[in-house]
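The values are calculated or read from the model by the stated rules, or taken from the named source; none is laboratory data. The structure presented is a predicted model; accordingly, all values stated were derived computationally and were not measured. Cβ sites come from the backbone with ideal geometry, for glycine too, and all protein chains shown count toward neighbours.
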2 protein chains.
Amino acid sequence: MTRISCPVLSKKITTAAQAAEHISPGDNVGMSGFTGCGYPKEVPGALAERMKSAHSAGEEFTIGLLTGASTAQELDGVLAEAEGVHLRAPFNTDPSMRRAINSGDVEYIDTHLSHLAQQVWFGYFGKLDGAVVEVAAVLPNGLLVPGSSVGNNKTWLDQADKVILEVNEWHPREYEGFHDVYYGTKLPPHRNPIQILEPTQRIGDPYLRVDPDKVVAVVRTNAPDRDNSFSPVDDKSHAMAEYLIDFLRHEVSAGRMPKNLLPIQSGIGNVANAVLEGLKESEFEHLHSYTEVIQDNLLGLLDSGKLDSISATAFSLSRPVAEHFNANAESYKGRILLRTQEMSNHPEIVRRLGIIAINGMVEADIYGHVNSTHITGSKMMNGIGGSGDFARNAFLNFFVSPSTAKDGSISSIVPMASHVDHTEHDVHVLVTEQGIADLRGTSPVTRAKRIIDNCAHPDYRERLHDYLDRAIAESPNAAHTPHILSEALSWHTRFLEDGHM
Amino acid sequence: MTRISCPVLSKKITTAAQAAEHISPGDNVGMSGFTGCGYPKEVPGALAERMKSAHSAGEEFTIGLLTGASTAQELDGVLAEAEGVHLRAPFNTDPSMRRAINSGDVEYIDTHLSHLAQQVWFGYFGKLDGAVVEVAAVLPNGLLVPGSSVGNNKTWLDQADKVILEVNEWHPREYEGFHDVYYGTKLPPHRNPIQILEPTQRIGDPYLRVDPDKVVAVVRTNAPDRDNSFSPVDDKSHAMAEYLIDFLRHEVSAGRMPKNLLPIQSGIGNVANAVLEGLKESEFEHLHSYTEVIQDNLLGLLDSGKLDSISATAFSLSRPVAEHFNANAESYKGRILLRTQEMSNHPEIVRRLGIIAINGMVEADIYGHVNSTHITGSKMMNGIGGSGDFARNAFLNFFVSPSTAKDGSISSIVPMASHVDHTEHDVHVLVTEQGIADLRGTSPVTRAKRIIDNCAHPDYRERLHDYLDRAIAESPNAAHTPHILSEALSWHTRFLEDGHM
């Protein structure tokens, strides 16, 4: 059965190459895609070819590229390699795009994931010229069945002058009914409360809308999402997961949390994966997840019966698990809801529901400032993603990282973070394979002692204490957050010079 | 007419000294007070005397002290001078308390103002043993008419085991009807949307409630709030206000904002004062304010007819203006609403209403990270206050500061902020008397150029450009946020060593 049953839109079916002709140099283009899922598979490649031809002819051809979050080689990769992007927001994990960002060729704007859609609507980025959005099907009335991510697609379709649709038959047709697209968003002063009271409560439509007059091309594809595999849970991740789950047990027994916890948000990565695996083995039941992304072990937790439901904005599955899901999609309906990232990450909802937020970090300093984005202060890793949306407004947040990196040459606990994405005001609990530090209701110096003793690697602990002690001694009248500024970043400069902190 | 007409509570009228007997060493005590208004005037002094006696007798006597925000000499001052506080949260401006914080004697927990009430309810601080709350009157049925600030009083009265009331006859009896105390707050997972759709919409009660059985003492006082005077608007503040108001004009003409703007939040300080004065002279009409604090010029803007209404959590008036207000309170009723700080600063409301947030800063770095709290990274000034609540969720935020301090020896624009309270992800516009830098939708390096060219003082501009240029040159593969870490904080260390950046 055809996936494009709208008579108006089916007349616009064309090739990726023809579709890409609608994108012009200098355009701002919103593309679908979130954590390697639901990104357009063919038009970006065709666009990259146009760009390379233009560059060969001595012509400029770059675009401003806005997405949901990370995409894949077929989008960020090909456009970065074609030197076709002058501006990029928000989150990125593609290595070619990362190189272009760090060479200074791409202006990268690292936005909170809940902020970008409204910022485009507010006009921060000027006009949105185009949108390239992957969907699973086009209904007879022109409504769109979203695919494996919703991301910012609602806003791109609303705001763009021209729309290109990719209809990807790899996505199960049964995606119809999995999505909740809230069309009640407005610009201030006309906004209303968002009436989400439970993680998987519906407040919107199962479909994306598009003005058919704006659709300039529809491209049929049949291509899988990126294979979002993780390495198996290692000892360190397992240890961190154990600390974290024990901490949750402790919170329940202290009466600070219900027995089935509160809705869980887990970022992407090995530790989140280990936590989800640990919860599967735990005594906890009737859990809920209100998160950005559904990775293998979150789906596994649902399969296990421990987790009742998931609200997210995207999948991010390994190929085998994605194929399993696609073959059995119908059986998940009603237990999984995919929303726009504006809603999945919305401060209003995160605070109301009382989310437990679990996110990775690059480093933390002894006073509890967290760096989620920059290697030695300058080099962009991926971006802040949704960690700020969730951590600031969470009931309880965890930042997790192994205590060392690069075979012990880097300590994840440093005297001063080389870049701050989450301030001391927003960080509740730090976790490494060494232990866990509860920072709630503590002052900077108390935090420092806990973080050093509980989280730092023993190889670095003594030197961190030494820094703290000397900083206190040298700051008799400035001992709130005692620093020796001439030394505060010396661990990073030592690493840059000698390869070891 | 008596202010204490409840037969049950009037039996508990006593002296401040007797009331203070109910507070024990080690107690956690929530006290009223926000920006120098509505704090208890007598019990803290009596408590300080008890503490001094205990200390003379070789006994320990300190408390954990939680307030709304800053109080005054009669509260923070006397308790700090008595060495009677071991823990303090959130915002403080009292010089004695600041000294105690910076000497390391007081553990200071610098919390977002919208977070503290829920954190106490969540159990971050353990049990709340006592509350000392100033009100304007006690009704026959035991309901309390709040005074010049609401702050966290609702939560202190709810959570504390023992309650001491101060009924201050200096506050106008006409305060009845000025407040909106929302009793719909719940712990997750039982929270509901907060139905504030307009700045001065009522969603709660005009009264505070207290379980009369918990009230251990009622103390009658008649004492004015702190005199919250500002120096007259100087040239620099005037220049900053002009830039800011012109920027608002530009946003309106670009169609990004309604003609009557959006609700304004203005922090405390000379620049906020100048902005409010500037708005009074401007063409803008039918303005609204959704803010923490009502200072002289905000009331003046209301008097001028330019501002239709104010929602806040406290007053912070100079003595003459406070006396004028007190004498004419009835005429302001319906145009001013005082809420709990949990509501005035709530992310849900701030984002929904689309606040224009205007806050001061200590320094910003070239990439747009803002330090609101720490002098040279270590020494606590006042605290983050509500700036994080508002800035993160604002439709548009401004951070303002003169470009230099201490006669030019300090640049407010530095290579790297010595402490970060607002990250690059959250800062929209910087303003100094040199000009204004619009950072929305820009990458770090673009931001740096704008901030240096528009906001830095000419005496420092060339050196900032030199730092940026060399950082870019030295970071070919890490040029997203180029830093020379060995130099990044050298401006601060130079100031500490030589007294000049």
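Worth pointing out:
- Wholly within segment A:388-501, helices (runs of 4 or more DSSP H) carrying at least 3 residues that are closer than 29 Å to A:A241 by Cβ: A:444-455, A:458-474, A:490-498
- Checking each residue in segment B:371-393 for being at the interface with chain A (Cβ under 10 Å from one of its Cβ atoms), among the hydrophobic types (A, V, I, L, M, F, W, C) and touching a helix residue (DSSP H, G or I) at 6+ places or on another chain (Cβ under 8 Å) picks out B:M380, B:M381, B:I384.
- In segment B:136-150, residue surrounded by the fewest Cβ atoms within 10 Å (Cβ to Cβ) [restricted to those that are of a type in the set (G, A, S), within 15 Å of B:V181 (Cα to Cα) and in contact with a helix residue (DSSP H, G or I) (Cβ under 7 Å, 6 or more places away or on another chain)]: B:A136
Per-residue answers, yes or no, for (1) under 13 Å from A:P40 (Cβ atoms); (2) part of a strand (DSSP E or B):
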{"site": "A:E134", "(1), (2)": "yes, yes"}
{"site": "A:E166", "(1), (2)": "yes, yes"}
{"site": "A:H171", "(1), (2)": "yes, no"}
{"site": "A:P193", "(1), (2)": "no, no"}
{"site": "A:L197", "(1), (2)": "no, no"}
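- Residue in segment A:18-26 that is buried (at least 18 other Cβ atoms within 10 Å of the Cβ), part of a helix (DSSP H, G or I), in contact with a helix residue (DSSP H, G or I) (Cβ under 8 Å, 6 or more places away or on another chain) and not hydroxyl-bearing (S, T, Y) present: yes
- Screening A:D105, A:D110, A:D94, A:D76 for residues that are surrounded by 24 or more Cβ atoms within 10 Å (Cβ to Cβ) and either within 14 Å of chain B (Cβ to nearest Cβ) or β-branched (V, I, T) (or both) leaves exactly one candidate, A:D110.
- Those residues of segment B:115-135 which are surrounded by fewer than 24 Cβ atoms within 10 Å (Cβ to Cβ) and either within 14 Å of chain A (Cβ to nearest Cβ) or among the hydrophobic types (A, V, I, L, M, F, W, C) (or both), in sequence order: B:Q118, B:Q119, B:W121, B:F122, B:G123, B:Y124, B:F125, B:G126, B:K127, B:L128
- Residues in segment A:250-281 that are touching a helix residue (DSSP H, G or I) at 6+ places or on another chain (Cβ under 6 Å) and among the hydroxyl-bearing types (S, T, Y): A:S266 only.
- Just one of (1) in contact with a helix residue (DSSP H, G or I) (Cβ under 6 Å, 6 or more places away or on another chain); (2) surrounded by fewer than 21 Cβ atoms within 10 Å (Cβ to Cβ) fails for A:S237. It is (2).
- Filter pass, A:P140 being assigned to a loop (DSSP other than H, G, I, E, B), farther than 30 Å from B:P199 by Cβ and out of contact with any strand residue (DSSP E or B) (no Cβ under 6 Å at 6 or more places or on another chain): yes
- From the list A:K154, A:K186, A:K162, the one residue that fits, being at pLDDT 95 or above and over 28 Å from A:T14 (Cα atoms), is A:K186.
- Looking only at residues in segment A:469-496 that are at the interface with chain B (Cβ under 7 Å from one of its Cβ atoms) and small (G, A, S), the one that is surrounded by the most Cβ atoms within 10 Å (Cβ to Cβ) is A:A488.
- Across segment B:365-383, the number of residues qualifying as surrounded by 24 or more Cβ atoms within 10 Å (Cβ to Cβ) and assigned to a loop (DSSP other than H, G, I, E, B) comes to 9.
- Long-range neighbours under 9 Å by Cβ, at least six apart or interchain, first residue away from chain B (no Cβ under 11 Å) and among the small types (G, A, S) within segment A:171-195, second crowded, with 20+ Cβ neighbours inside 10 Å and not in a loop (DSSP other than H, G, I, E, B): A:G177/A:V145
- Evaluation of A:K259 against (1) more than 14 Å from every other protein chain (Cβ to nearest Cβ); (2) more than 18 Å from A:F398 (Cβ to Cβ); (3) of a type in the set (D, E, K, R) (one fails), failing number: (1)
- The lone exception for B:A54 - which of (1) over 18 Å from B:E107 (Cβ atoms); (2) outside any helix (DSSP H, G or I); (3) not acidic (D, E) it fails: (2)
- Helices (runs of 4 or more DSSP H) within segment B:298-363 that include 3 or more residues within 14 Å of another protein chain (Cβ to nearest Cβ) and surrounded by 24 or more Cβ atoms within 10 Å (Cβ to Cβ): B:347-353
- A single entry from B:S475, B:S403 fulfils the requirement of being within 22 Å of B:T376 (Cβ to Cβ) and not charged (D, E, K, R): B:S403.
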